[in-house]
Structures are given as C-alpha cells and as structure tokens.
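Working notes, structure below.
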Amino acid sequence: MEKTYIMLKPDAHKRELMGEIISRIERKGYNITNMKMMHLTAKTLKEHYAHLIDKPFYPELEEFMMSGPVVGMVVEGEGVVLGMRNLMGPTKWWDALAGTIRGDFSNANDLSANLIHGSDSVEKANEEIARFFPEGEVTI
Ligand code: UDP
Ligand code: MG
C-alpha cells in the first residue's frame, strides 16, 4: 500500500488544530500507521528542506519549524501521496480552496505557518519516512 509522510507543523500544535487535522485524515479513509511528537533540530531541517536552503525565507522557515513540537505520521492508502496533497491544499493560503486544510485554517503573514507538510512524491515519501521513523514500529 502507498505511504506518505505527513507532519503537523508547530502552528497546528499552538492553535490546537492537531485533532481537527488528524480527524480529516481519518475521515478521508486513510490509515495512520505510525505517529510521533518531536522537536526538530536545525540539522534535520536542513536535510528535510534541502531544496529550500538557498531561498531567502529559509532562516525564517527553520526558526518557525523549531518554535514548537511537530507531529510526524506515516499515512497509508491508495494514491495517498497525491490524495494528501489535495486534502492539504497548495503551499500558499491564498491559493488554497475552502475545504482543504490550508484553505480552511491558514492565513498567516508568515508563509511558513501553513499547518502541515506532506511528501510530494512516492520517492520523497520513502526518504522522509526513513528520516523521521528510522526505528520503524515500536513495541515496548
Ligand atoms: N515556505 C515559505 N515561503 C515560501 C514558500 C514555502 O515559508 O515562499 C515554507 C512553507 O512552510 C512550505 C515549506 O516552506 O510549506 C516547504 O515549501 P514547499 O515548496 O515544499 O511547499 P509544500 O510542499 O509544503 O506545499
Ligand atoms: Mg514540499
């Protein structure tokens, strides 16, 4: 089954929208198969956002992503990579339609604060799942 890496950003925690967002993922019919709250380091963020390091907004993005906890998830389902991108809506809130997570809940001046990350390809999903869940499933 196809998998994607989803991450609730610090604004989702701060605004108490984690439950709402997780609920939308569940109601869509996707299966959350792993979940973890984390505090990210600059090193991990430079790997995760390697494609953006040279952008002028990168320092703000890194600071924002370290401003509070994130929740990483592995989400499974048929066509889930594209499906989750559709559920999220596009990067910038003014492009995101009502009914999407970003369209319904984000309008911050800080463009970093758009609530949720989702992998943009199956290949990236596998890379990101390996980065954030190197331990796999945990039994204690
Ligand atoms: N971002 C930003 N300013 C921009 C573009 C992106 O702060 O002009 C942030 C935003 O948090 C976005 C993240 O960088 O979600 C990653 O950018 P990407 O283009 O990969 O967008 P996404 O895949 O998250 O929609
Ligand atoms: Mg992206």
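The values are calculated or read from the model by the stated rules, or taken from the named source; none is laboratory data. Being a predicted model, the structure only gives us computed values, none of them experimental. Quick reminder, even Gly has a Cβ in these numbers, built from the backbone with ideal geometry, and neighbours come from all protein chains shown. To get the accessible areas, we keep the full protein, side chains included, count just its heavy atoms, and leave off ligands, DNA and RNA. Shrake-Rupley method; radii C 1.70, N 1.55, O 1.52, S 1.80 Å.
Residue check: is residue 30 within 16 Å of ligand 2 (Cβ to nearest atom), of a type outside the set (S, T, N, Q) and surrounded by 15 or more Cβ atoms within 10 Å (Cβ to Cβ)? No, not satisfied.
Given the criteria closer than 19 Å to residue 25 by Cα, in contact with a Leu (Cβ under 7 Å, 6 or more places away or on another chain), β-branched (Val, Ile, Thr) and within 12 Å of ligand 1 (Cβ to nearest atom), does residue 70 qualify? Spelling it out, residue 70 is indeed closer than 19 Å to residue 25 by Cα, in contact with a Leu (Cβ under 7 Å, 6 or more places away or on another chain), β-branched (Val, Ile, Thr) and within 12 Å of ligand 1 (Cβ to nearest atom). Give the stretch 77-119 a look and list any residue that's open to solvent by 20 Å² or more (accessible area, probe 1.4 Å), of a type in the set (A, V, I, L, M), within 17 Å of residue 4 (Cα to Cα) and in contact with a Ser or Thr (Cβ under 8 Å, 6 or more places away or on another chain), or say none. Selection gives 87 alone.
Here is a check on your reading of the model: is residue 55 near ligand 1 (Cβ under 10 Å from one of its atoms), within 22 Å of residue 131 (Cβ to Cβ) and open to solvent by 90 Å² or more (accessible area, probe 1.4 Å)? Yes: the conditions hold for residue 55.
What pairs can you find where one residue is in the stretch 44-63 and under 19 Å from residue 119 (Cα atoms), the other is in a loop (DSSP other than H, G, I, E, B) and open to solvent by less than 30 Å² (accessible area, probe 1.4 Å), and their Cβ atoms are less than 8 Å apart, with a gap of 6+ or different chains? Every condition considered, the pairs that remain are 48/40; 58/49; 61/49; 61/112; 62/49. Tallying residues that are within 16 Å of ligand 2 (Cβ to nearest atom) and either part of a helix (DSSP H, G or I) or of a type in the set (A, V, I, L, M) (or both) within the stretch 101-140 yields 16.
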